[in-house]
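Before any comments, here is the structure.
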Amino acid sequence: MRGDPHAMPFSGDAFDAARAVETLPHLGDRAGVLRELARVVKPSGVVVVSDFVQRRPVSQVVLNELRPALTTYDIDELPTFAGYPKLPAAAGLQVVELLDLTAETRGTLERMRDGTTSLLLRRTEKRRSSTSTSCCRRAACESSLGYVLAVARV
């Protein structure tokens, strides 16, 4: 089904569960989508979301370095792992489980990084050698970036 995840065409309490796997980071308004998921899921139902996060805070210098890659994937911001439960909570959801799946998804993150680097190099017509500084910064921040799975109850 196609539609606006900020305004789903379903009545309230229509589903026992809902999931948003790798969608929240690309929608801009995570809070709005989470509120909408909470609206369409029945009381005591389950909402499961996955997202990209900062496992620990990343410096502004590194975030600025990552900005072109994040923009390529329509990612406006990277919440922190520690602060992540506040997002569902603000939408009326109670996080019952928060899992750091970074180790299990590291291969995917590395392939995304490599693909993004290649795409950005083609777009800007820069040679790979001119990106050595940015590669060093990326390597420094990679251990700070991660992937979270949150399970919440309405």
Next item on the list: List every residue pair whose Cβ atoms sit under 6 Å apart, with the two residues 6 or more apart in sequence or on different chains, where the first one lies in region 87-100 and is closer than 22 Å to residue 145 by Cα and the second, anywhere, is of a type in the set (D, E, K, R) and not in a strand (DSSP E or B).
Entry: 87/30
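Hey, any hits in region 51-60 for a residue that's loosely packed, with under 12 Cβ neighbours inside 10 Å, within 22 Å of residue 151 (Cβ to Cβ) and not polar (S, T, N, Q)? I'd like the intermediate steps shown before the answer.
Just the residues of region 51-60 that are loosely packed, with under 12 Cβ neighbours inside 10 Å, to begin with: 60.
This time we only want the ones that are within 22 Å of residue 151 (Cβ to Cβ), so: none.
Scanning region 51-60 turns up no residue that is loosely packed, with under 12 Cβ neighbours inside 10 Å, within 22 Å of residue 151 (Cβ to Cβ) and not polar (S, T, N, Q).
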Margin query: Here is a check on your reading of the model: is residue 71 surrounded by 13 or more Cβ atoms within 10 Å (Cβ to Cβ), in a helix (DSSP H, G or I) and of a type in the set (Val, Ile, Thr)?
Written below: no
Check: Quick one: in region 1-31, which of the residues that are among the aliphatic types (A, V, I, L, M) and more than 25 Å from residue 83 (Cβ to Cβ) is surrounded by the most Cβ atoms within 10 Å (Cβ to Cβ)?
Finding: 8
Checklist line | Candidates 62, 58 - the one that is over 18 Å from residue 153 (Cβ atoms), outside any loop (DSSP other than H, G, I, E, B) and touching a residue at least 60 places away in the same chain (Cβ under 8 Å) | finding: 62
Item checked: Subset of region 55-103 (residues that are more than 22 Å from residue 20 (Cβ to Cβ) and polar (S, T, N, Q)) -> 59, 60, 64
Note to self: Take residue 49 and tell me if it is under 14 Å from residue 152 (Cα atoms), hydrophobic (A, V, I, L, M, F, W, C) and either in a loop (DSSP other than H, G, I, E, B) or touching a Lys or Arg at 6+ places or on another chain (Cβ under 9 Å) (or both).
What the structure shows: yes
Notebook entry, point to check: Among helices (runs of 4 or more DSSP H) lying entirely in region 79-146, which contain 1 or more residues that are modelled with pLDDT under 95?
Noted result: 102-124, 132-142
Check: Out of all the residues in region 10-37, which are out of contact with any helix residue (DSSP H, G or I) (no Cβ under 7 Å at 6 or more places or on another chain) and modelled with pLDDT of 95 or more?
Finding: 11, 13, 16, 17, 19, 32, 35, 36, 37
Check: If you go through region 1-38 one residue at a time, how many are among the aromatic types (Phe, Trp, Tyr) and assigned to a loop (DSSP other than H, G, I, E, B)?
Finding: 1
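The values are calculated or read from the model by the stated rules, or taken from the named source; none is laboratory data. Bear in mind that the values here come from a model prediction, so they are computed numbers and not experimental data. For neighbour counting, all protein chains shown are included, and Cβ atoms are generated from backbone atoms with ideal geometry for every residue, glycine included.
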